């Protein structure tokens with residue numbers, strides 16, 4: 001198994017990993033996430049750098065952007081990307097966001113804000129959400145968001161440089 005052999009923790013991990021189960025369609029993706037904790041980014045990079053050549057696997061550092069064609073059931077509320085609009089502005093080398101959420105009130109701010117952050121993370125991916133987003137403000141969605149200069153969440157990727165890291 002190799003767990004007690006010498007080598008770095010990253011090398012021992014990859015020795016163990018090579019033994020994992022059957023493949024589907026010839027390949028698998030393995031996403032290594034820092035789970036939004038910036039202090040863990042160096043560990044993610046070290047682990048990916050230490051990966052051996054695994055022809056049946058695609059090793060992906062950090063959660064990549066995902067489809068926004070989903071609806072979250074979160075704390076008794078349903079929220080989809082069409083329920084969130086935004087404005088963006090410079091914030092000290094990052095992008096500050098005001099996110100406007102349909103149905104947001106003081107009573108549900110924490111719940112809908114949490115769901116909104118999950119959708120934002122899906123839109124941008126874990127790395128960009130942690131390194132390129134500055135401030136985030138949560139606000140109620142006005143009746144005519146386009147008329148007030150807001151953009152739908154599905155357009156947020158246009159504001160960010162989503163390069164692979």
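Take residue 83 and decide whether it is under 20 Å from the mean Cα position of the chain (by Cα), over 20 Å from residue 35 (Cα atoms) and touching a residue at least 24 places away in the same chain (Cβ under 8 Å).
Here the answer is yes, as residue 83 does meet what is asked.
Within region 55-109, track down each residue that is exposed (fewer than 13 other Cβ atoms within 10 Å of the Cβ), at negative phi and not in a strand (DSSP E or B). I'd like the intermediate steps shown before the answer.
Initial filter on region 55-109 (exposed (fewer than 13 other Cβ atoms within 10 Å of the Cβ)): 55-56, 58, 67, 69-70, 73, 75-76, 78, 89-90, 92-93, 103, 105-107.
Filter once more, so that each one left must be at negative phi: 55-56, 58, 67, 69-70, 73, 78, 89-90, 105-107.
Residues satisfying the conditions are 55, 56, 67, 69, 70, 105, 106, 107.
Considering only region 26-54, how many residues are out of contact with any strand residue (DSSP E or B) (no Cβ under 8 Å at 6 or more places or on another chain), touching a residue at least 24 places away in the same chain (Cβ under 8 Å), assigned to a loop (DSSP other than H, G, I, E, B) and more than 14 Å from residue 127 (Cα to Cα)?
4
Any residue that is modelled with pLDDT of 90 or more, closer than 17 Å to residue 63 by Cα, in contact with a strand residue (DSSP E or B) (Cβ under 8 Å, 6 or more places away or on another chain) and buried (at least 16 other Cβ atoms within 10 Å of the Cβ) - is there at least one of those in region 135-149?
No, region 135-149 contains no residue that is modelled with pLDDT of 90 or more, closer than 17 Å to residue 63 by Cα, in contact with a strand residue (DSSP E or B) (Cβ under 8 Å, 6 or more places away or on another chain) and buried (at least 16 other Cβ atoms within 10 Å of the Cβ).
The values are calculated or read from the model by the stated rules, or taken from the named source; none is laboratory data. This one's a predicted model, so the numbers in the text were calculated from it and none came from an experiment. Every residue, glycine among them, receives a Cβ derived from its backbone with ideal geometry; neighbour counts consider all protein chains shown.
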